[in-house]
Amino acid sequence: MQLHTLTLTLTFLLALVGCAQTLPDPNRELDPAHFTLDTPIEQLAADEETASVLRKDIPGLLEDKHYPMFKSMSLRVIAALSNGDISPQTLAQTEADLRSVHPMIAAAALK
């Protein structure tokens, strides 16, 4: 039910903001050092390890039928549009898990 509510909210809000989104360059190489809550979801999904984090922390997100409409958005944007369905705790856990996927690269990025 939670994902259904999120989907309905996103569908409505995407009609308002979807046209303003800039799509990421599909030819750009993925940089695991920059996988954060602000990374477009489709870039996170393209990396096997970070996709696994999303499937664990936010089940159903990548399989949602509206994925093509929100894949260019970041987790932070999706959470803001979710009416609380993606909680701050979920975001914090996801952020920690994303950092743990590539720990050496993430540590270097923080310096």
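The values are calculated or read from the model by the stated rules, or taken from the named source; none is laboratory data. The structure presented is a predicted model; accordingly, all values stated were derived computationally and were not measured. With ideal geometry, Cβ positions are generated from the backbone for all residues, glycine too; neighbour counts draw on all protein chains shown.
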Quiz item: What tally of residues in segment 77-99 results from selecting those that are touching a residue at least 40 places away in the same chain (Cβ under 8 Å), assigned to a loop (DSSP other than H, G, I, E, B) and surrounded by fewer than 19 Cβ atoms within 10 Å (Cβ to Cβ)?
Solution: 1
Self-check item: Answer residue from segment 44-53, given it is of a type in the set (Asp, Glu) and outside any loop (DSSP other than H, G, I, E, B) and is surrounded by the fewest Cβ atoms within 10 Å (Cβ to Cβ) among those
Solution: Glu48
Self-check item: Cβ-Cβ under 6 Å pairs, at least 6 apart or on other chains, segment 51-63 side under 14 Å from Ile78 (Cβ atoms), far side assigned to a loop (DSSP other than H, G, I, E, B)
Solution: Leu54/Leu61; Leu54/Leu62
Self-check item: Hits in segment 54-76 - residues which are under 12 Å from Pro40 (Cβ atoms) and part of a loop (DSSP other than H, G, I, E, B)
Solution: Lys71, Ser72, Met73
Quiz item: Quick one: in segment 61-76, which of the residues that are of a type outside the set (S, T, N, Q) and within 14 Å of Thr36 (Cα to Cα) is surrounded by the fewest Cβ atoms within 10 Å (Cβ to Cβ)?
Solution: Arg76
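Being in a helix (DSSP H, G or I), at pLDDT 90 or above and out of contact with any Pro (no Cβ under 6 Å at 6 or more places or on another chain), is that true of even one residue in segment 22-37?
Our first condition is that a residue be in a helix (DSSP H, G or I); within segment 22-37, this holds for 32-34.
In the following step, the residues that additionally are at pLDDT 90 or above were identified as none.
No, every residue in segment 22-37 fails to be in a helix (DSSP H, G or I), at pLDDT 90 or above and out of contact with any Pro (no Cβ under 6 Å at 6 or more places or on another chain).
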